[in-house]
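The values are calculated or read from the model by the stated rules, or taken from the named source; none is laboratory data. All figures in this text were calculated on a predicted structure; none of them were measured in a lab. Glycine also receives a Cβ, built like all others from the backbone with ideal geometry; neighbour counts cover every protein chain displayed.
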Amino acid sequence: MAGRCRPVKPTAAGRRRFRPAGDRPDPPCPAATWPPSGFSQAGVAMCDMYRMFVHPDGRPGEAGARLMARTGQPMARQAAALLAIDDPAARILEIGFGPGIGIATLAEAVPRGHVTGVDPSQVMHRHAERRNATAIRDGRVTLVEAHAEDLPFPVDSFDAAMMIDNLHFWPDPLAGLTELRRVLRRAARVVCAFTPPSGGPPRGIKDLFARAGYAEIATHRRGPGFLLSAVTGDAT
């Protein structure tokens, strides 16, 4: 379709670019200027959505963060509840924390524990840092700029993990889930959730978790939302 953009490999600076597709190709999606010049209407819309939700950046990323902050609380609470954290001193990891709604919810659940968040977007880091400033200052929350496929933590660092509306955007979900299992202790619980606006879960998500070495995989419906729970298995 004319004007459609698709992401390609990150540049040396670590930002994603877009490769235009179709018989009237748009120019590469710029990382700093917005709105981009020379794009068809469809091309602007595709790049806009990518920079709002897939790799939040610039003005679209700021708009995406504000939208997530307004709408994200119900699913964050559902996902945290499904984690069933019964240890107030637990160590919890959230991958793709966005504007920090889930981080704040998890921090409430582990008042004597620690919550670590991983997200590659500087825009989301700014929003999450503001929202969780007190917990960060008190040493109960740490936010790290990283990707799911390369988590900068030792083996057995966390007791549980959750991710909301982002696994289907990972470049290599199997590698990311395998890496997540590495940093989780044995029998740790994982919750992966999707809201309808995110597009829902990818096909074969239960099989994906099984291939990555998880066990007790179950799916749950909470209103229009979709959640998957699993525990780390014995595979190494």
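Residues in segment 176-211 that are of a type in the set (Gly, Ala, Ser) and in contact with a strand residue (DSSP E or B) (Cβ under 9 Å, 6 or more places away or on another chain): Gly176, Ala187, Ala188, Ala193, Ser198, Gly200, Ala210. Among the residues of this structure, Ala160 counts as one that is closer than 16 Å to Ile92 by Cα, buried (at least 16 other Cβ atoms within 10 Å of the Cβ), assigned by TED's automatic domain parsing to the domain that holds Ala90 and in contact with a helix residue (DSSP H, G or I) (Cβ under 9 Å, 6 or more places away or on another chain).
For segment 195-228, residues that are part of a strand (DSSP E or B) and closer than 15 Å to Gly176 by Cβ total 2. Go through segment 85-106 and give me each residue that's surrounded by fewer than 24 Cβ atoms within 10 Å (Cβ to Cβ) and of a type in the set (A, V, I, L, M, F, W, C). Ile85, Ala89, Ala90, Ala104, listed by residue number. If you go through segment 69-89 and keep only what is modelled with pLDDT of 80 or more and part of a helix (DSSP H, G or I), you end up with Gln73, Pro74, Met75, Ala76, Arg77, Gln78, Ala79, Ala80, Ala81, Leu82, Leu83.
Exactly one residue out of Val155, Val144, Val123, Val118 is modelled with pLDDT of 95 or more and surrounded by 22 or more Cβ atoms within 10 Å (Cβ to Cβ), and it is Val118. Only one entry of Leu228, Leu208, Leu180 meets the criterion of being assigned by TED's automatic domain parsing to the domain that holds Ala148, out of contact with any helix residue (DSSP H, G or I) (no Cβ under 8 Å at 6 or more places or on another chain) and surrounded by 18 or more Cβ atoms within 10 Å (Cβ to Cβ), and that entry is Leu180.
Cβ-Cβ distances below 8 Å connect the following pairs, each with a first residue in segment 70-93 that is within 9 Å of Ala109 (Cβ to Cβ), a second residue that is basic (Lys, Arg) and exposed (fewer than 14 other Cβ atoms within 10 Å of the Cβ), and a separation of six or more residues or different chains: Pro88/Arg112.
Within the option set Ile85, Ile95, Ile103, being touching a Phe, Trp or Tyr at 6+ places or on another chain (Cβ under 7 Å) and in the same structural domain as Val190 (by TED's automatic domain parsing) holds for one residue only, Ile103.
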